[in-house]
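Laboratory data are not the source of any read-out in this text; all were calculated from the coordinates shown. Remember, predicted model here, so these are calculated numbers, not experimental data. Here Cβ is always computed from backbone atoms with ideal geometry, including for glycine, and neighbour counts include all displayed protein chains.
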């Protein structure tokens, strides 16, 4: 996906450099062309995931993210205590 986005942005930069005026419909068509060339499937409709299912999925993913972040979290107190203990070890 990143490669497709990079190609598309490079194409857009080339169009701007060449002074080619493109309207929104032109960009949509070019994006579809890029996806076809990349052998990616084009969406022909809005899909069938309900708003509620999307909210539930987002909450599940956010909870995973929060748990991972919480495991990495070090409180200010703990951070300062660690510094003090290191300083104390150097002095002894």
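Quick notes on this one:
- Net length gained if the chain between residue 11 and residue 88 were fully extended (0.36 nm per residue, minus Cα distance): 21.8 nm
- Alpha-carbon Rg/Rh ratio, for the chain, with Rh computed the Kirkwood way: 1.32
- Between helix 24-37 and the chain: long-axis angle, C-alpha atoms, 0 to 90°, nearest 10: 80 degrees
- Radius, Kirkwood style, for segment 51-91 when every pair of distinct Cα atoms is counted (Å): 12.8 Å
- Within the listed set 11, 77, 34, the Gaussian network model of the chain (springs between alpha-carbon atoms below 10 Å) gives the highest mean-square fluctuation for 77.
- Computed [θ] at 222 nm, deg cm²/dmol, the chain (DSSP H ≥ 4; -39,500 (n - 2.57); rounded to nearest 500): -25000 deg cm²/dmol
- The distance between label points at residue 62 and residue 40 comes to 2.6 nm (points 7 Å beyond Cα on the Cα→Cβ vector).
- Angle of helix 76-91 to the longest C-alpha principal axis of the chain, folded into 0 to 90 degrees and rounded to 10: 50°.
- Size descriptors for segment 1-54, from the alpha-carbon set: Rg then Dmax equal 14.2, 45 Å.
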